[in-house]
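Chemist: This is the structure I want to talk about, given as structure tokens.
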Amino acid sequence: MTEVSMAKDAVPAAGEPLVVLDNVNKHFGALHVLQDIDLTIARGEVVVVIGPSGSGKSTLCRAINRLEPIDSGRITLDGKPLPAEGRELAKLRADVGMVFQSFNLFAHKTVLQNVTLGQVKVRKKDKAAAETSARALLDRVGVGNQADKYPAQLSGGQQQRVAIARALAMEPKVMLFDEPTSALDPEMINEVLEVMQQLARDGMTMVVVTHEMGFARSAANRVVFMADGQIVEETTPDQFFTNPRSDRAKDFLSKILHH
Amino acid sequence: MDIISDYDTQILDAFWVTVKLTLLSGLFSLIWGTLLAAMRVSPVPLMRGFGAVYVNVIRNVPLTVIIVFCSLALADVFGVTMGAQGNFDALYFRLAVLGLSAYTAAFVCEALRSGINTVPVGQAEAARAIGLSFTQVLTIIVLPQAFRSVVGPLTNVLIALTKNTTVAAAIGVAEAALLMKEMIENEAQLLLISAIFALGFIVLTLPTGLFLGWVGKKVAVKR
Ligand SMILES: Nc1ncnc2c1ncn2[C@@H]1O[C@H](COP(=O)(O)OP(=O)(O)OP(=O)(O)O)[C@@H](O)[C@H]1O
Ligand SMILES: [Mg+2]
């Protein structure tokens, strides 16, 4: 934990809000999936979002990079509201890294190409510079020796680490993780969590939807508990896991702890 | 077998026209069909509408009608010259390519659209998430994967196109079918002549089918 606070100190103006959701509402037809969501994520902060299935965690994540448009309210990134369409929106998305449950690596591209693509096409870096940084990132997540393989040739854990490298290659301001380990075989979960833990220590701002309590306890600054489209509880990981206040949270924790 | 030696260069010339019709129409229909498919998945309602109407009209009109329309309406009524300045062979060849391309593009579009549906949505989402624009998502991520999954269906379209070039005889393009008709009128060897032309088409399509079948396996995307 000391490393975390050191990293945080190194970030200029720590604690300054980076992502702000203000009274955000979203419906899928009659279903009110996000209800008056207010959430502020500070620069360098790691927020774990937890909650029962269908509570709107993925929708919340997807709203932050506007993969899912919202019905009302405001979302700002670094002080600027999310643009609605076109080039501006694409630029915003490049600043928000996203890691999916099912990896979604580009199936027809090699691992290296997966990590260079956005740098070249979006950031307009030249190919050599993009490859250099891609290789460094692949080394950092421990799959440097797989650069020339295709995604289908890698294990799930390796694929997810490449997906993290692909997102990092854009030098995002914030990283969103939507249940990054829940599609993985148990023996591969740790290799991915370790990469995420390192990222948190390096001071990356992260929103992580996960049920991995170990990760929440060791890396998160805050736990946000969602149920039925609402934020029910927002507190420190220790407080949340040892002494939840709401009945919904108690109920939910008893289920995930006892199974 | 005199008939072969009498007509050998003519047969080769006629099949060469067939090959040229096939390749040019294949190329143009691939380009136009890809654009149509892009329209059909685009977020702009007007483009989607145009793509849908085009495909459903063209697919349901007989090719002969389209080719004859190109010749009668475009050339004879509206005086479209397609840069062929009074050279009628060139003009009708180009009109045939136009008609064949317009027709085949509808089938290319539909094959490609079914290929687009085989690409998991997560691929496009991940592409959008790193900041690619709609056009980039389509041309860099979705279409390349779609093409790889429809090499088989596109091969069928190409083989059908090869055979469909015979319709160009209706407007007097000197391809294989026109020569066959002429030979049948002049010589009394119906079976032999039919066999020669049938074989000619098989020589064109069979290796194409085998080769593209191999290509399809080779480029298939593993998931
Ligand atoms: N595209 C969609 N169209 C209609 N309903 C949707 C759509 N996406 C999600 N939903 C619904 O919205 C609700 C919230 O979904 P969401 O995926 O955000 O939940 P979640 O908390 O991530 O759940 P899980 O833990 O299962 O991933 C669910 O009831 C879901 O069925
Ligand atoms: Mg989810």
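The values are calculated or read from the model by the stated rules, or taken from the named source; none is laboratory data. Remember, it's a predicted structure, so these values are computed and weren't measured experimentally. Glycine also receives a Cβ, built like all others from the backbone with ideal geometry; neighbour counts cover every protein chain displayed. Keep in mind that these areas ignore ligands, DNA and RNA; they rest on the heavy atoms of the full protein, side chains included. Shrake-Rupley method; radii C 1.70, N 1.55, O 1.52, S 1.80 Å.
Chemist: Residues of the stretch A:209-249 being within 13 Å of ligand 1 (Cβ to nearest atom) and either in a strand (DSSP E or B) or free of Cβ contacts under 8 Å to residues at least 12 places away in the same chain (or both), which ones?
Modeler: The answer is A:Val209, A:Val224, A:Phe225, A:Met226, A:Ala227, A:Gln230, A:Ile231, A:Val232.
Chemist: Between a first residue in the stretch A:46-61 that is more than 14 Å from A:Thr205 (Cα to Cα) and a second residue that is near ligand 2 (Cβ under 8 Å from one of its atoms), which pairs have beta carbons less than 7 Å apart while being 6 or more apart in sequence or on different chains?
Modeler: Listed by first residue and then by second, the contacts come to A:Gly51/A:Lys57; A:Lys57/A:Val209; A:Ser58/A:Asp178; A:Ser58/A:Val209.
Chemist: Something else now. If I filter the stretch B:44-60 down to residues being in contact (Cβ under 8 Å) with a residue 40 or more places away in the chain and β-branched (Val, Ile, Thr), which single residue comes out as most open to solvent (accessible area, probe 1.4 Å)?
Modeler: Step by step, filter the stretch B:44-60, then rank; the result is B:Ile58.
Chemist: Still on this structure, please answer the following. Could you list, in sequence order, the residues of the stretch A:94-110 that are part of a strand (DSSP E or B) and more than 7 Å from chain B (Cβ to nearest Cβ)? Full working, then the answer.
Modeler: Going through the stretch A:94-110, the residues part of a strand (DSSP E or B) turn out to be A:96-99.
Of everything in the stretch A:94-110, those that are part of a strand (DSSP E or B) and more than 7 Å from chain B (Cβ to nearest Cβ) turn out to be A:Val96, A:Gly97, A:Val99.
Chemist: Quick one: count up the residues across the stretch A:38-66 that are over 22 Å from A:Pro172 (Cβ atoms) and either in contact with a Pro (Cβ under 9 Å, 6 or more places away or on another chain) or within 8 Å of ligand 1 (Cβ to nearest atom) (or both). If you could, list the steps in order and put the result at the bottom.
Modeler: Keep residues of the stretch A:38-66 that are over 22 Å from A:Pro172 (Cβ atoms), which gives A:38, A:50-56.
Checking which are either in contact with a Pro (Cβ under 9 Å, 6 or more places away or on another chain) or within 8 Å of ligand 1 (Cβ to nearest atom) (or both) leaves us with A:51-56.
So the answer is 6.
Chemist: Taking the options B:Arg113, B:Arg128, B:Arg148, name whichever one is touching a residue at least 60 places away in the same chain (Cβ under 8 Å) and either within 14 Å of chain A (Cβ to nearest Cβ) or more than 20 Å from B:Trp32 (Cα to Cα) (or both). Lay out the reasoning, then the answer.
Modeler: Values: B:Arg113 fails: either within 14 Å of chain A (Cβ to nearest Cβ) or more than 20 Å from B:Trp32 (Cα to Cα) (or both); B:Arg128 fails: touching a residue at least 60 places away in the same chain (Cβ under 8 Å).
Only one candidate qualifies: B:Arg148.
Chemist: Quick one: A:Val207 ticks every box in (1) open to solvent by 10 Å² or more (accessible area, probe 1.4 Å); (2) within 15 Å of ligand 2 (Cβ to nearest atom) except a single one, so which number is it?
Modeler: Going through (1) open to solvent by 10 Å² or more (accessible area, probe 1.4 Å); (2) within 15 Å of ligand 2 (Cβ to nearest atom) one by one, A:Val207 breaks only (1).
Chemist: Next up: Could you count how many residues in the stretch A:38-69 are more than 9 Å from ligand 2 (Cβ to nearest atom), closer than 25 Å to A:Asp247 by Cβ and surrounded by fewer than 24 Cβ atoms within 10 Å (Cβ to Cβ)?
Modeler: Count: 4.
Chemist: Here are some conditions: (1) buried (at least 18 other Cβ atoms within 10 Å of the Cβ); (2) away from chain B (no Cβ under 14 Å). A:Arg140 meets all but one. Which one does it not meet?
Modeler: Only one criterion in (1) buried (at least 18 other Cβ atoms within 10 Å of the Cβ); (2) away from chain B (no Cβ under 14 Å) is unmet by A:Arg140, namely (1).
Chemist: Which of the residues spanning the stretch A:158-184 are surrounded by fewer than 20 Cβ atoms within 10 Å (Cβ to Cβ) and away from ligand 2 (no atom under 16 Å from the Cβ)?
Modeler: Once the filter is applied, which keeps residues that are surrounded by fewer than 20 Cβ atoms within 10 Å (Cβ to Cβ) and away from ligand 2 (no atom under 16 Å from the Cβ), the stretch A:158-184 yields A:Glu171, A:Lys173.
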